[in-house]
Protein chains: 6
Amino acid sequence: MTELTPRPPSRSVTSMTEYVLPTHANALGNVFGGQILAWMDICAAICAQRHCGTICVTAGIDDLAFDQPVKIGQVVRVTACVTAAFRSSIEIKVDVQGEDPASGHTWPCVSAFLTFVSLGPNGRPCAVPPLQVETEAERTLQAEASERRAHRLARKRPHQG
Amino acid sequence: MTELTPRPPSRSVTSMTEYVLPTHANALGNVFGGQILAWMDICAAICAQRHCGTICVTAGIDDLAFDQPVKIGQVVRVTACVTAAFRSSIEIKVDVQGEDPASGHTWPCVSAFLTFVSLGPNGRPCAVPPLQVETEAERTLQAEASERRAHRLARKRPHQG
Amino acid sequence: MTELTPRPPSRSVTSMTEYVLPTHANALGNVFGGQILAWMDICAAICAQRHCGTICVTAGIDDLAFDQPVKIGQVVRVTACVTAAFRSSIEIKVDVQGEDPASGHTWPCVSAFLTFVSLGPNGRPCAVPPLQVETEAERTLQAEASERRAHRLARKRPHQG
Amino acid sequence: MTELTPRPPSRSVTSMTEYVLPTHANALGNVFGGQILAWMDICAAICAQRHCGTICVTAGIDDLAFDQPVKIGQVVRVTACVTAAFRSSIEIKVDVQGEDPASGHTWPCVSAFLTFVSLGPNGRPCAVPPLQVETEAERTLQAEASERRAHRLARKRPHQG
Amino acid sequence: MTELTPRPPSRSVTSMTEYVLPTHANALGNVFGGQILAWMDICAAICAQRHCGTICVTAGIDDLAFDQPVKIGQVVRVTACVTAAFRSSIEIKVDVQGEDPASGHTWPCVSAFLTFVSLGPNGRPCAVPPLQVETEAERTLQAEASERRAHRLARKRPHQG
Amino acid sequence: MTELTPRPPSRSVTSMTEYVLPTHANALGNVFGGQILAWMDICAAICAQRHCGTICVTAGIDDLAFDQPVKIGQVVRVTACVTAAFRSSIEIKVDVQGEDPASGHTWPCVSAFLTFVSLGPNGRPCAVPPLQVETEAERTLQAEASERRAHRLARKRPHQG
């Protein structure tokens, strides 16, 4: 049977690799938490734009906790993927790992869910393309994302169309 | 009667003012969410160090939502204050406002609670000086902070001594 | 009795807090003088724009001398306030202090008077709102500023409308 | 049969994603060639360190030509992979693509071969782990790399152990 | 006899001086090769614009090899000069030296030939003013540049008008 | 006759060329005064280190006035030269010009006298090599510098050995 409806885009995944320089770190040689958050945001923003085909702006971040630090001379790996698409917003999961490029050893640094709003040419929220959900795992992921969104809305936060 | 116990420090407040340049903004001229998060983190880190007298590292951030954007040529005002001190960690509330320096108009941008761990010279968590709690308002603030901390621990996140 | 004339704006004060990173410092770990000057200028520019309600550009700086240095891991506090408003220019006093956030110790770093020209939408100098002068101290401050301005003009420097 | 000799590392691949900001671009809104070269170098350096397990410094770059430009608001994708390992040096191929995150369209920007020298703790060149060569394609790649290296040495350039 | 044809511009030379900060260097304290390439590109771009009177974009770089490193606290000196002007492109030679400002000692770091394309207001390649060639040395320089250009074109690279 | 006394170093001159990017400029496209001051300071610091053979830190700046602005896409040329050497301090004159690289047009931007203190390995002020004074013009320059220094000391400013 022929496909009549436009096929939603497959899941956009975006990955970044950053080398930790002295300018990124505090007096102990650890990357600032805020620098890692800035990298997470830019990685997620690219991921969101790849899915939506529009400029996407950060609407919010779920609570997050830092695990192990990353130091000067080590590498930060950031991976972002779409977990759910709503009316005019999108949820992105971002995972950050530390890596010692010499030994190859990696460790978890932090993970978080970020939401973005898709903006049209007029700067107003616009519709987000649906996310293809086919497998049982994808269905679970989407259900969990909807639950997180319900919690966010219950806390009465703006911009979560 | 003489004061026998050392007096805990009064509440440290830290404020920053940032002028938004093109390098901070996306194609719509809005500051990146990640840039604002980086400013919040550095402001809160200075606030935490002022209270603790030690190097403090970001342990986590509670969920947050961005309200109104700030654009190139406008000003970002960041204010951080200590809300509660625990054994080796501290909670900081950070408020961010946008400001149009020409008109004097200001608007809420985002608020969040950040937690920091105090590190001793050996890089291990160390004791945080207690926070002076005298008024009813301060008692309420502390009770709310303890409740948020209980929620964080219930989510089994690391580093919240 | 009702107020018939528009009330001039109260004195704009702007404060910035900067954490000294390795990228700001020379091989001895001291912040570059030029970095401190750049922070003074941006702080004063925001202060000037808050008073004038226009874009303000640096016209000049009176002579200044650096007192004690600020090192990596310490904090730079910049405070700017309007001292006098002239026809199309404004004088701003900027004070910079070093601070060790761990001990709370602070020390003088440098102070200077900067002058800014207010520019209208056409990029030409435009009128600056008058500064409210009520107390004896404010009158003295204004008289001193006028004297500094007379000295500047005597040195035949441009842009001091 | 058990494996008696240590297995050389598989081919290290490193990828970076960069969002083009105004600070990266000239007056036409195109990324500076030098900014792209800086991203290629850091991506290749991480790739080299992942293979060698040491600090690696850039020894040289083969001639390269820029194809199509990348503009503000678009994305630069950098991919580096090891093509050959010599005694104390390593050759890395770096490919750069432009991407419009909204349309998903990508295009070639530039490609080049970079060579790095592996440095030991004493800062002197040290041995590079061999590269596993199993397939016919890998053998061809290595032969071509050796030929490029012979050309480089014929031009009497330093640091190509 | 009066000069009837417009006189081509004399050879544009551009020099830059950079102080090496921690943010420019790797864990060994050596400037990143990519940072040096970025400085070379900007210096050559200014040199090209000075000759052409237009915006010039990097078309390519001939192979190059790094000689001796430059470290934090030392100085990088970059010198760019025009070696030949073609139809819509220009060849620039860039020399980089390291310098210890305390001892005055200098050493070669890297040299390369960069080619730029001159772009007109419409963003399309446009004619480059001819380069004045009068002495025997200048004639030799031009002949060598033409030979390098022939090699580049033989490798079928784009943008070398 | 043989030269019995060590010959003082000839006058160190340092020049820098900076390309103005959006990150350097305000909403009108003009470079911030503070950015120009930062470039002046780094150029003068290199110039001072070249004369003294030591780390030199900024002690002060004489009053200065900005002349014509420099805009995005234009070039800033900074030139620093030693005007006088005192016991442990040195005076540097810095001239800044704007340049439109396309037309070759240049214009004065700002000039100032900066003083630096020479620091020994222990971080304390140390002796500065004398400046060779041979011509009448050099003698006049030195006399003027001594007069400026007397004025500075009369204003009771620190660090001017």
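Summary table
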{"read-out": "Size of the B/A contact, given as accessible area buried on both chains, probe 1.4 Å, in Å²", "value": "2500 Å²"}
{"read-out": "Given E:Lys71/E:Lys93; B:Lys71/D:Lys93; A:Lys71/D:Lys71; D:Lys71/F:Lys71; A:Lys93/E:Lys71, the pairs whose alpha carbons are separated by over 28 Å", "value": "B:Lys71/D:Lys93; A:Lys71/D:Lys71; A:Lys93/E:Lys71"}
{"read-out": "Accessible carbon and sulfur surface of the range E:10-118 relative to its total accessible area, %, 1.4 Å", "value": "51 percent"}
{"read-out": "J(HN,Hα) series, the range B:68-77, from Karplus relation 6.51 cos²θ - 1.76 cosθ + 1.60, nearest Hz, glycine and proline x", "value": "9, x, 10, 10, 3, x, 9, 10, 10, 10"}
{"read-out": "Two-site FRET efficiency, B:Arg87 against C:Gln68, from Cβ-Cβ distance with R₀ of 45 Å, rounded to 0.05", "value": "0.80"}
{"read-out": "Distances in nm from A:Ala137 to the matching label points in the other copies, shortest first (labels 7 Å along Cα to Cβ)", "value": "2.5, 5.2, 6.8, 6.8, 7.7"}
{"read-out": "Exposure of C:Met16 as accessible area (Å², to 10), given a probe of 1.4 Å and all protein chains", "value": "10 Å²"}
{"read-out": "Cβ-Cβ FRET estimate between F:Trp107 and A:Leu28, R0 fixed at 35 Å, reported to 0.05", "value": "0.15"}
{"read-out": "Label geometry 7 Å along the beta-carbon vector: B:Gln68 inter-copy distances in nm", "value": "4.1, 4.1, 4.2, 4.5, 6.0"}
{"read-out": "Other copies of D:Val13: label-to-label distances in nm, shortest first, labels 7 Å along the beta-carbon direction", "value": "1.1, 4.9, 5.5, 5.5, 5.9"}
{"read-out": "Among D:Asp41, D:Asp63, D:Asp95, residue whose mean-square fluctuation peaks in a GNM of chain D (springs only between Cα atoms under 10 Å)", "value": "D:Asp63"}
{"read-out": "P(r) of the range B:9-156 over all Cα-Cα pairs, binned every 5 Å from zero, in whole percent", "value": "2, 10, 18, 20, 18, 14, 10, 7, 2, 0"}
{"read-out": "Computed [θ] at 222 nm, helices only, for chain C once each DSSP H run of length n ≥ 4 contributes -39500 (n - 2.57)", "value": "-8500 deg cm²/dmol"}
{"read-out": "Accessible area (Å², 1.4 Å probe, nearest 10) - D:Leu28", "value": "60 Å²"}
{"read-out": "Among B:Cys47, B:Cys126, B:Cys81: highest mean-square fluctuation, GNM of chain B, C-alpha pairs under 10 Å", "value": "B:Cys126"}
{"read-out": "Exposure of A:Phe113 as accessible area (Å², to 10), given a probe of 1.4 Å and all protein chains", "value": "40 Å²"}
{"read-out": "Rounded to the nearest 20 debye, dipole of the range B:9-156 from Cβ charges on Lys, Arg, Asp, Glu", "value": "580 debye"}
{"read-out": "Residue of C:Ser88, C:Ser103, C:Ser15 that the Gaussian network model of chain C assigns the largest fluctuation, springs spanning Cα pairs under 10 Å", "value": "C:Ser103"}
{"read-out": "For the A-to-F rotation axis, chain A residue with nearest beta carbon and its distance in angstrom", "value": "A:Thr23, 7"}
{"read-out": "Computed Rg/Rh of the protein assembly as shown, alpha carbon atoms with Kirkwood Rh", "value": "0.97"}
{"read-out": "Antiparallel content of DSSP bridges confined to the range D:9-156, in %, to 5", "value": "100 percent"}
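The values are calculated or read from the model by the stated rules, or taken from the named source; none is laboratory data. Model, not experiment: these values are computed from the prediction. As a convention, Cβ positions derive from the backbone with ideal geometry for all residues, glycine included, and neighbour counts pool all protein chains shown. When the accessible area is computed, the model is the full protein with side chains, heavy atoms only, and any ligands, DNA or RNA have been set aside. Shrake-Rupley method; radii C 1.70, N 1.55, O 1.52, S 1.80 Å.
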